[in-house]
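The values are calculated or read from the model by the stated rules, or taken from the named source; none is laboratory data. Note that the structure is a prediction, hence the values are computed from the model and not measured. Ideal geometry is used to build each Cβ from the backbone, glycine not excepted, and the neighbour counts take in all protein chains shown. The protein model used for the area step is the full one, side chains on, heavy atoms only, and it has no ligands, DNA or RNA in it. Shrake-Rupley method; radii C 1.70, N 1.55, O 1.52, S 1.80 Å.
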Amino acid sequence: MIITVQIFLLMMVLAGVGIILFTRNIVHAAYALCLTLLGIAGVYVLVMSELLAVVQIMLYAGGVVILLAFGVMMTNRLRGEKVLSGSNNKWIGRIISVGVFAGLCYLISISPFQTTSVEKNEDQIAQIGVSFLTDHIVAFELIAFVLLVALVGAAYLAKNAADE
Amino acid sequence: MSYLGNISQGIQTTWKGMMLSIQYFFQARKGRKKESVTEDNYFEKANGTFTVQYPHEQIPVPDHGRYQLHNEIDDCIVCDKCAKVCPVDCIDIEPVRSPEVFGQTSDGTPLRIHAAKFDIDMAKCCFCGLCTVVCPTECLTMTKEFDFSTNDILDHNFSFSKMTDQEIAEKKQEFEDYQADKLKAKPELPAIKKESDVMKKPAAKPVFKPRIPKKK
Amino acid sequence: MSEQMLTYYLYLAAFLFASGTYIVLTRRSAIFVLIGVELMLNGANVVLASFSQFDPAMNGQIFAIFAVVLTVCEVSIALAILLNIYRKSRVSNLDELNQIGNT
Amino acid sequence: MISFAFYLAFLLIFVVFAVYAERKTAAFIQNRLGPMEVGPKGILQTVADLLKMLQKEDIRASAVDIIPYLLAPFIVFAAVFTGFAVLPVNADLSGSTITSGVFFLLAIVSLDVLGILMAGWASNNKYSLYGAMRSVAQIISYEVPLGLSVLCVIIISGTLDLHQMSVLQSGGILSWYIISHPVLIIPFFIFFISGLAESNRTPFDLPESESELIGGYHTEYSGFRWGIFMLSEYGMMLLLSILASILFFGGWNSPMEKIANGPIWSTFWLLSKSLLLIFVQMWVRWTLPRLRVDQLMSLSWKYLTPISIVMLFVCALWKLWLIG
């Protein structure tokens with residue numbers, strides 16, 4: 001049962017990444033990114049990070065939709081312009097990325113990971129909530145502040161753009 | 001307007017609108033009565049559903065409604081007045097004269113002309129009712145019948161003549177024979193001078209050329 | 001969960017990271033570059049989450065949640081800046097952005 | 001799995017009769033009779049429409065972006081229908097048992113805007129694209145007050161699981177949250193208004209406003225694919241109504257404490273509560289006129305969001321001092 005789910009999620013992620021790698025169409029790439037992110041959310045569920053999976057769906061779906069909307073706006077589909085975009089430095093990029101992948105795989109394969117079995121935590125969300133407000137309170141408050149600043153900043157930047 | 005004032009106004013107006021529409025929703029239990037336009041309260045029935053399920057039920061039509069034309073062909077003296085007055089020429093009459101009076105209409109007018117063809121094309125009719133006004137025997141009337149839609153536009157041409165082709169030919173022949181008899185009986189009248197000889201040549205055209213002032 | 005399974009997830013994370021690198025390095029459009037950055041961050045998050053399952057305090061998952069929230073902030077700000085640039089100079093490809101000022 | 005099958009069958013039957021109910025409600029509010037011809041009192045009119053729709057040709061304009069165009073209706077429907085996975089049906093059928101129930105629901109339902117944007121963009125039609133862009137702006141804006149008003153209930157109940165939330169409200173009408181915790185009345189109205197906006201219903205139907213955008217994002221769709229969009233819209237209505245009745249009106253609990261409590265009765269109570277809310281949605285639709293775009297945004301950001309933040313604070317205080 002679980003192997004089916006794993007293969008399905010792997011196919012989702014690979015298909016998404018494959019489309020992003022090979023398409024020239026920005027909007028298609030954004031849809032493929034969404035597919036990839038949903039697949040990764042499934043992976044999070046498989047590694048017992050349910051809350052992270054839901055956060056991933058909620059925030060990234062919203063984020064990707066905004067990305068799409070901006071992509072459409074910036075490429076001016078309404079005026080009939082193309083939404084295609086090219087690439088350059090292809091060979092250097094290929095060499096570097098394949099090198100990165102090979103290096104990471106090598107490191108993973110030689111690393112001696114020790115896994116311990118932890119019993120499944122039933123009330124994971126409550127525990128995360130408690131640790132947000134105890135162990136990670138500084139990070140939590142900082143994130144809240146950064147979110148506020150980002151909101152105000154994005155609104156301000158977009159307002160300036162609209163005045164133009 | 002203040003912020004809280006906006007909110008309270010929004011709530012109040014929404015509430016008012018919602019209450020108004022739910023009243024109509026419950027009033028829909030009552031249906032409209034099938035009353036004629038002549039009833040006194042005809043225009044005061046905004047409450048309850050207003051729909052008339054037309055083919056199944058109808059509002060009564062007043063007796064003097066101006067809808068489909070009907071010709072009572074037995075009373076028609078084929079005077080052609082209706083065809084002449086019709087503004088859209090929707091009446092097509094082909095008369096066949098008869099040698100003698102062959103009947104009487106219901107109001108006592110003698111019948112002298114057969115109607116070989118009395119077609120009213122309701123597709124052209126503009127429902128003005130002038131033909132019914134001029135009809136001397138009041139045989140041409142407008143009826144209450146308003147639903148005469150058809151699949152073929154030619155079906156809108158109503159034919160009122162009852163005569164068959166054979167009868168028409170017979171009557172025509174009869175009248176021609178009568179004319180021939182008449183001609184034989186009377187000596188031929190002297191021919192009238194032809195009109196073209198009488199007519200003068202038209203006067204010369206006025207020679208006038210409007211002058212166009214030159215532009216400076 | 002065995003070590004074998006864990007390494008599979010890590011390979012997946014490595015693949016995501018490498019593809020993100022390729023997209024960031026080669027694509028000309030700014031939006032594509034943002035997509036690549038997202039892929040790289042997701043690779044990192046997969047690593048964090050897959051290690052977090054062996055941690056009773058779930059620090060990895062909490063860190064990944066913070067990372068996701070920060071990424072969304074980053075994307076929104078980046079897109080607002082890109083929109084500003086595009087409105088000003090009609091350029092959405094990064095290699096054409098070679099001027100400072102209003103031209 | 002059983003709740004999934006139940007909701008799929010129920011959704012399909014519901015849509016057939018909801019369209020009929022919508023038309024009849026509209027007709028009665030407007031002093032008309034509505035559909036009367038097919039079947040007794042026109043009750044089979046939707047069935048006839050459905051049959052007509054299934055036989056229609058699947059028209060694809062030549063300039064569409066074909067793969068997103070074909071996929072979009074199914075993405076919208078999948079996003080909406082996945083939300084049903086976590087809804088409980090009655091005390092024994094609890095739906096999918098994930099601990100982050102209502103959070104998951106809100107997250108997955110917000111994906112339907114992706115399908116709408118896909119449809120609007122792929123149609124290659126400026127009306128569709130305008131509709132889709134409006135839809136994105138609207139749904140993202142109204143998710144904020146929606147989420148905050150749900151958060152008020154979560155603070156009071158202390159759980160994200162919808163089944164658990166229903167269990168907590170058992171015991172007669174007095175223990176329903178909206179009555180036992182009157183502080184939730186304002187969050188309920190905020191939830192309802194935002195829910196209307198989320199499901200693109202009048203007065204927030206700018207994405208598909210017929211009179212301006214000739215149908216918005218589904219202008220270019222016909223036949224079965226268009227039907228899927230309609231199905232998703234009604235599915236969204238049903239989803240939000242069931243969610244509202246679980247969050248605020250006790251879910252599958254009977255109004256009387258001891259009477260009518262069996263599994264069938266529970267299902268009946270849940271569905272009748274949500275169908276009543278759906279009637280209110282239809283009633284609103286045929287009463288209020290459509291908002292302007294700027295009014296839509298100011299309603300969300302200037303009114304609903306601040307009020308829901310204040311209510312969140314009030315609910316937290318209520319929880320601290322009165323419940324403890």
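When C:Leu12 is tested against (1) out of contact with any Lys or Arg (no Cβ under 9 Å at 6 or more places or on another chain); (2) under 25 Å from A:Val27 (Cα atoms); (3) without any contact (Cβ under 8 Å) to a residue 24 or more places away in the chain, only condition (3) is not met. Taken over region C:71-83, residues that are more than 7 Å from chain A (Cβ to nearest Cβ) and open to solvent by 40 Å² or more (accessible area, probe 1.4 Å) amount to 1.
Before we move on, is D:Ser170 touching a residue at least 60 places away in the same chain (Cβ under 8 Å), polar (S, T, N, Q) and part of a helix (DSSP H, G or I)? When the stated conditions are applied, D:Ser170 does not pass them. For C:Gly20, are the conditions met, namely being in contact (Cβ under 8 Å) with a residue 12 or more places away in the chain, surrounded by fewer than 24 Cβ atoms within 10 Å (Cβ to Cβ) and more than 7 Å from chain A (Cβ to nearest Cβ)? In short, no. The set of residues in region D:210-232 being among the polar types (S, T, N, Q) and either open to solvent by 10 Å² or more (accessible area, probe 1.4 Å) or more than 15 Å from the chain's Cα centre (by Cα) (or both) consists of D:Ser211, D:Thr219, D:Ser222. Could you pull out the residue among B:Val61, B:Val52, B:Val85, B:Val37 that is at pLDDT 85 or above and among the aliphatic types (A, V, I, L, M)? Going through B:Val61, B:Val52, B:Val85, B:Val37 in turn, the sole match is B:Val85. Only one entry of D:Pro145, D:Pro207 meets the criterion of being in contact with a Lys or Arg (Cβ under 7 Å, 6 or more places away or on another chain), surrounded by 21 or more Cβ atoms within 10 Å (Cβ to Cβ), in a helix (DSSP H, G or I) and of a type outside the set (Val, Ile, Thr), and that entry is D:Pro207. Scanning region B:80-122 for residues that are crowded, with 16+ Cβ neighbours inside 10 Å and of a type in the set (Gly, Ala, Ser), we see that the one that is farthest from B:Lys162 (Cα to Cα) is B:Ala83.
A search for C-beta distances below 8 Å between a residue of region B:87-102 that is free of Cβ contacts under 8 Å to residues at least 40 places away in the same chain and on the phi > 0 side of the Ramachandran plot and any residue that is open to solvent by 30 Å² or more (accessible area, probe 1.4 Å) and of a type in the set (Lys, Arg), counting only pairs 6+ apart in sequence or on different chains, returns B:Asp89/B:Lys124.
Annotation: D:Ala26 fulfils all but one of (1) at pLDDT below 85; (2) not in a loop (DSSP other than H, G, I, E, B); the unmet one is (1).
Looking across region D:273-285, not a single residue is of a type in the set (D, E, K, R) and open to solvent by 60 Å² or more (accessible area, probe 1.4 Å). Inspection of region D:202-214 identifies at least one residue that is within 21 Å of D:Ser308 (Cα to Cα) and of a type outside the set (Phe, Trp, Tyr). Inspection of region D:97-112 finds a residue satisfying the criterion of being assigned to a loop (DSSP other than H, G, I, E, B) and more than 10 Å from every other protein chain (Cβ to nearest Cβ).
Report whether or not C:Ile65 is of a type outside the set (Lys, Arg), open to solvent by 40 Å² or more (accessible area, probe 1.4 Å) and either part of a helix (DSSP H, G or I) or within 7 Å of chain A (Cβ to nearest Cβ) (or both). Against the criterion (of a type outside the set (Lys, Arg), open to solvent by 40 Å² or more (accessible area, probe 1.4 Å) and either part of a helix (DSSP H, G or I) or within 7 Å of chain A (Cβ to nearest Cβ) (or both)), C:Ile65 does not qualify. Scanning region D:21-62 for residues that are facing another protein chain (nearest Cβ under 10 Å), open to solvent by 30 Å² or more (accessible area, probe 1.4 Å), out of contact with any Lys or Arg (no Cβ under 9 Å at 6 or more places or on another chain) and not acidic (Asp, Glu) returns D:Gln30, D:Arg32, D:Met36.
You will find that of D:Leu247, D:Leu288, D:Leu239, D:Leu270, the residue that is open to solvent by 20 Å² or more (accessible area, probe 1.4 Å), within 30 Å of D:Tyr20 (Cα to Cα) and touching a helix residue (DSSP H, G or I) at 6+ places or on another chain (Cβ under 8 Å) is D:Leu288 and no other.
The C-beta contact set for region C:43-59 (first residue facing chain A (nearest Cβ under 7 Å), second residue of a type in the set (Val, Ile, Thr) and open to solvent by 40 Å² or more (accessible area, probe 1.4 Å), distance under 8 angstrom, 6+ apart or interchain) comprises C:Gln53/A:Val118; C:Phe54/A:Thr116; C:Phe54/A:Val118; C:Pro56/A:Val118. Just to be sure before I move on: is D:Leu288 on the phi < 0 side of the Ramachandran plot, within 14 Å of chain B (Cβ to nearest Cβ) and not in a helix (DSSP H, G or I) in the structure I sent? Yes, satisfied. Residues of region C:23-39 that are crowded, with 21+ Cβ neighbours inside 10 Å and either at the interface with chain A (Cβ under 7 Å from one of its Cβ atoms) or in contact with a Ser or Thr (Cβ under 7 Å, 6 or more places away or on another chain) (or both): C:Ile23, C:Thr26, C:Arg27, C:Ser29, C:Ala30, C:Ile31, C:Phe32, C:Leu34, C:Ile35, C:Glu38, C:Leu39. Restricting D:Phe6, D:Phe17 to those that are part of a helix (DSSP H, G or I) and buried (at least 17 other Cβ atoms within 10 Å of the Cβ) reduces the list to D:Phe6. Which one is modelled with the highest pLDDT among residues in region C:71-103 that are among the charged types (D, E, K, R) and under 21 Å from the mean Cα position of the chain (by Cα)? Residue satisfying both the conditions and the ranking: C:Glu74.
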